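Worksheet: one structure, shown below.
The values are calculated or read from the model by the stated rules, or taken from the named source; none is laboratory data. All values derive from a computational prediction rather than experimental measurement. In this analysis, Cβ positions are derived from the backbone assuming ideal geometry, glycine residues included, and neighbour counts consider all displayed protein chains. Surface areas here come from the heavy atoms of the whole protein model, side chains and all, with no ligands, DNA or RNA. Shrake-Rupley method; radii C 1.70, N 1.55, O 1.52, S 1.80 Å.
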Amino acid sequence: MRFLVTGGAGFIGSHLTEYLLRIGNEVLVLDDLSTGAQRNLEFASEEPGLQIAEGSVLDSELVNRCASGVDGIFHLAAAVGTFTISQKTLESLQTNIHGTETVLDAACRHQRPVLVASTSEVYGRNTKIGLTEDDDLVLGTPLHSRWSYAEAKALDETLAYAHAAEHGLRAVIARLFNTVGPGQNSRYGMVIPRFVEQALAGEALTVFGDGQQIRCFCHVHDVVPALVALLRDGRAYGQVFNVGSSEQVTIEELARRVIAITGSSSDITHVPYEDVFGPGYQDTLRRVPDCGKVRAQIGFSPERNLDQIIESVAAQARAAPKPALKSGG
Ligand code: UDP
């Protein structure tokens, strides 16, 4: 089969492209190379099944052309990373809202199934342990740009539902919980590549706030097959699924584990949020998924634990010169 992967040169998108090619599909990547990079797809430069279109998901003519020639669409193109969102709030909103609108319109017009990558960020400040798909989104005031990513992604989800309900679009939504792994770029704020890079350089690991915020990290190699299984599962259309790990860790503990696993002599330093993001920044204090629904649907069960994730990120960071790292998140 032939699939369109928007954002296919980004971190998750390039891993997805690699997986799709490996299991015998053809892939058309659409990417504007903003946070993604051509070098993320170098592994397949000789691969006849890969085609790359450089362009934006805001270009409806291009998106329509791409959608017309494929069997299914993975929509991953987005502005990502807390640094990107806080520094380029308006541009990020436009990409994340209008880009998805354009892709959904094209999927509808050409009657192609589509998977929309959403985010656990939509749960906002809902700190329930074991968030389920129908739990409330608890977002702070729209005056904080922190929540603009969640607002845009929540709107994307609603757009997909409305297309499914009113036009019969075969759309499925995956809410990804802190997907990480080798090749993720530290530049956009993601914590694991930052900590690993700091530890390997012997620099202090920068824990934001008091470090008691909790996350669950899931390896991209566990996430990517789940995305493919969801798009292929006709019973999943019109639904949303959490995709992540339930292994909880505080960011302070994460920093300690990165130091231990890399054998680094780095210290840990605490940095106030306002020094990084400006005044009034609000973090998500705890984000823990219940993945019972996706487990029941496709048998999803992550194989790699946090220590293995840190080891794989560190191994690649040691092996690859910095510019070769995959971008985006
Ligand atoms: N974080 C940190 N130091 C860093 C980068 C991030 O302490 O250098 C924290 C961040 O404030 C958040 C957590 O690590 O509480 C996860 O951040 P990330 O940007 O990876 O994902 P998020 O869960 O915020 O989407």
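Okay, residues lined up against (1) at pLDDT below 95; (2) away from the ligand (no atom under 11 Å from the Cβ); (3) closer than 21 Å to F241 by Cα:
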residue	(1), (2), (3)
E133	no, yes, yes
V138	yes, yes, yes
E166	no, yes, yes
T179	no, no, yes
Q198	no, no, no
F208	no, no, no
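Screening S118 with (1) farther than 26 Å from Y273 by Cβ; (2) assigned to a strand (DSSP E or B) gives one miss only, at (1).
Within segment 204-222, being under 15 Å from the mean Cα position of the chain (by Cα) and more than 22 Å from D135 (Cβ to Cβ) holds for H219, V220, H221, D222. Looking across segment 232-271, the residues that are aliphatic (A, V, I, L, M), outside any helix (DSSP H, G or I) and surrounded by 15 or more Cβ atoms within 10 Å (Cβ to Cβ) come down to V240, V243, V249, I268. Of the residues making up segment 211-231, those that are assigned to a helix (DSSP H, G or I) and out of contact with any Pro (no Cβ under 7 Å at 6 or more places or on another chain) are V220, H221, V223, V224, P225, A226, L227, V228, A229, L230. Among the residues of segment 1-60, those that are among the charged types (D, E, K, R), part of a loop (DSSP other than H, G, I, E, B) and touching a residue at least 12 places away in the same chain (Cβ under 8 Å) comprise D32, E47, D59. Number of residues in segment 277-293 that are within 17 Å of V223 (Cα to Cα) and surrounded by fewer than 17 Cβ atoms within 10 Å (Cβ to Cβ): the value is 1. If you go through segment 223-231 one residue at a time, do you hit one that is open to solvent by 30 Å² or more (accessible area, probe 1.4 Å) and either over 18 Å from the mean Cα position of the chain (by Cα) or closer than 21 Å to R318 by Cβ (or both)? No; the residues of segment 223-231 include none that is open to solvent by 30 Å² or more (accessible area, probe 1.4 Å) and either over 18 Å from the mean Cα position of the chain (by Cα) or closer than 21 Å to R318 by Cβ (or both). Annotation: of all residues in segment 294-306 being in a helix (DSSP H, G or I) and open to solvent by 40 Å² or more (accessible area, probe 1.4 Å), the one that is nearest to the ligand (Cβ to nearest atom) is R295.
Filtered by the rule that a residue be within 14 Å of the ligand (Cβ to nearest atom), of a type outside the set (G, A, S) and more than 23 Å from N126 (Cβ to Cβ), segment 220-264 gives V220, R256, R257, V258, I259.
Among the residues of segment 191-222, those identified as under 24 Å from L20 (Cβ atoms) and either surrounded by 22 or more Cβ atoms within 10 Å (Cβ to Cβ) or touching a strand residue (DSSP E or B) at 6+ places or on another chain (Cβ under 6 Å) (or both) are P193, F217, C218, H219, V220.
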